[in-house]
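The values are calculated or read from the model by the stated rules, or taken from the named source; none is laboratory data. Note that the structure is a prediction, hence the values are computed from the model and not measured. Note: ideal-geometry Cβ built from the backbone for every residue, glycine included; neighbour counts use all protein chains shown.
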Amino acid sequence: MWHFVSPKIIFGESALTSLEEISISRALVITDHNLIELGVVEPALEEIRKTGCEMLVFDQVTPDPTLEAVDLGTTAANEFQPDWIIGLGGGSPMDTAKAIWVMYERPDLVPAMINPFVELGLRQKARLITIPTTSGTGAEVTWAIVLTDGENNRKMGLGNRENAADIALVDPALAVSMPPRLTADTGLDALTHAVEGFICTWHTDITDGLCLNAAREIFQQLPVAFEASQADNPSQRRYQTAREKMHNAATCAGLGFGNALASLAHAMGHVIGSVFHIPHGRAVGLCLPYTIEFAARGEDPSRISLLTDLLGIKVSNSNAGESLAAALRKLIREIENPLSLEELGLEEKEYNQQLDKLVDDAFNDTQIITAPRAPSYEELEKLFDYVFHGQPVDF
Amino acid sequence: MAYKFPSDEWIKALSDQLNASESYQRSAKDWEGDFVFVAEPDDTYPETAYLLLELYHGKSPGAAMLDPEQLPDTEFTIKAPFTTWRKVIEGKLDPIQGMMTGQLKLKGNLMKVMRYPKAAQEIVSCCAKIPTDW
């Protein structure tokens, strides 16, 4: 027995215009100041204004959102008393919006208490809309909330099924201006969601199709979307198609892994990201080929074999894991992302100083529990070394 | 030699397995908090059984099957029907998924459990190593 949770999803061209069909009196928009400055979120803000509602914008969310940002946003919510909260941006504003919503409805809690086992009783004061501007974290459809515990330099994996958004507006118009690095990093995040959601031990019949389709689309469209991000004429039809396909695929991947789980690449990527301040998608994508190779050498590599087959990847030397990892590395190269921590520019001395923490924190990341091959401490330490040096896994 | 589940011998065998597990010891090195596992009656088991498992900093100082009036006040209690426990121990039900779907009812500081998912997994792994007579 398991659950499948999804908001109502309105997607495609002009999805933002559906805001006028929602009865909004007071909208608290949670976003990032940089997105406002760059004009990325202006189309969404304009559509919100058109509804005639009162609007307050809280723009103090930063990448790797902190408890402090949630606290400030909750204060804003308590003063403004919205009936709709709108998380607008990448994963950080959307996850922050989820946390602020919970705190607004449940002032008796602290964010660390948001877990899957309790009844929150939300939707007494407000409901949540999520609008992604990247393709993407999938946070628009997941119930997970990832915050950063600045004191311990560690990601906090929080969330409750009730805090999944009521409505997700997936409009590709918001993703077309993503610059190359953001296109690549968030695209890799989406791909890692899709692959891990498929191969993890918590995969389900209902999530498999979403993850598979997302992975298939991303393999095809991410290189084109990356090209679009650097093109002189990004409005070419094939570029627009790639952007839209990527935006939808990221949501599919979010629904898939959000109702299964991520896995070892996320456990490793979370800690690499928080310790060395590397963007999330870059970190998890970098780890993915290695974790695939590692899992493929376990007792049951059947999910990897199946995924490789369904993606149409040719298997060489009867080793599906190696072939899938090679395809992933080829894609990562195409979008000019690094394939190792060393290539990323990390100094070995700094890496070695943090290795114990990397292993300990990855071991206690909730995503590790669904690894198709559970590493021992020694194996996880060795895996980090291979990720650092860029050596294909051979154990 | 197989141990009857639930029994005093079985829970002591689990305690021994945990103490022999380097992986559990490292994953739970900061853990403090004892558990009572309650196997509730169903079609296949007629009584309620109470199994105490003491856990402290990567070790299990003790374990016992107790009568309810003997139970200490522990930080955690997990209740489930006998059949559900069998599924967990045989690896057919992930305990975290079990708690998330209410098949295993956890009472205690839930945030704390979620910070030690690997330790929880290791406990189940150790359960699987105990030859069990159902």
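I'd like to know if region B:95-102 contains one or more residues that are touching a residue at least 24 places away in the same chain (Cβ under 8 Å) and more than 14 Å from chain A (Cβ to nearest Cβ).
No, region B:95-102 contains no residue that is touching a residue at least 24 places away in the same chain (Cβ under 8 Å) and more than 14 Å from chain A (Cβ to nearest Cβ).
Looking only at region A:337-395, filter to residues that are more than 14 Å from chain B (Cβ to nearest Cβ) and of a type in the set (Lys, Arg); which one of those is nearest to A:Leu188 (Cα to Cα)?
Checked region A:337-395; the qualifying residue nearest to A:Leu188 (Cα to Cα) is A:Lys382.
Within region A:1-86, which helices (runs of 4 or more DSSP H) (wholly inside it) include 2 or more residues that are closer than 14 Å to A:Ile100 by Cβ, over 21 Å from the mean Cα position of the chain (by Cα) and at pLDDT 95 or above?
A:67-80
Check A:Leu324 against each of (1) away from chain B (no Cβ under 14 Å); (2) at pLDDT 95 or above; (3) surrounded by fewer than 22 Cβ atoms within 10 Å (Cβ to Cβ) and name the one condition it does not meet.
Here A:Leu324 clears every test but (3).
May I ask you to say which residue of A:Ala194, A:Ala168 is among the small types (Gly, Ala, Ser), surrounded by 21 or more Cβ atoms within 10 Å (Cβ to Cβ), in a strand (DSSP E or B) and at pLDDT 95 or above?
Step by step, each of A:Ala194, A:Ala168 is checked, and only A:Ala168 is among the small types (Gly, Ala, Ser), surrounded by 21 or more Cβ atoms within 10 Å (Cβ to Cβ), in a strand (DSSP E or B) and at pLDDT 95 or above.
Taking the stated definitions as given, is A:Leu311 under 30 Å from B:Lys118 (Cα atoms) and surrounded by 15 or more Cβ atoms within 10 Å (Cβ to Cβ)?
no
Among the listed residues A:Pro107, A:Pro180, A:Pro116, identify the single one that is over 14 Å from the mean Cα position of the chain (by Cα), within 14 Å of another protein chain (Cβ to nearest Cβ) and not hydrophobic (A, V, I, L, M, F, W, C).
That would be A:Pro116, the only listed residue that is over 14 Å from the mean Cα position of the chain (by Cα), within 14 Å of another protein chain (Cβ to nearest Cβ) and not hydrophobic (A, V, I, L, M, F, W, C).
Could you tell me which numbered condition A:Val387 fails, if it satisfies all but one of (1) surrounded by fewer than 23 Cβ atoms within 10 Å (Cβ to Cβ); (2) more than 21 Å from A:Phe257 (Cα to Cα)?
(1)
List the number of the failed condition for B:Thr48; all other conditions in (1) more than 14 Å from chain A (Cβ to nearest Cβ); (2) out of contact with any Cys (no Cβ under 8 Å at 6 or more places or on another chain); (3) in contact (Cβ under 8 Å) with a residue 40 or more places away in the chain hold.
(3) is the only condition that B:Thr48 fails.
Before we move on, is B:Gly58 within 14 Å of chain A (Cβ to nearest Cβ), in contact (Cβ under 8 Å) with a residue 12 or more places away in the chain and in contact with a strand residue (DSSP E or B) (Cβ under 8 Å, 6 or more places away or on another chain)?
The answer is no for B:Gly58.
Within region A:229-241, identify whether any single residue is of a type in the set (A, V, I, L, M, F, W, C), surrounded by fewer than 22 Cβ atoms within 10 Å (Cβ to Cβ) and touching a residue at least 40 places away in the same chain (Cβ under 8 Å), and answer yes or no.
Checked against the condition, which is being of a type in the set (A, V, I, L, M, F, W, C), surrounded by fewer than 22 Cβ atoms within 10 Å (Cβ to Cβ) and touching a residue at least 40 places away in the same chain (Cβ under 8 Å), region A:229-241 yields no hits at all.
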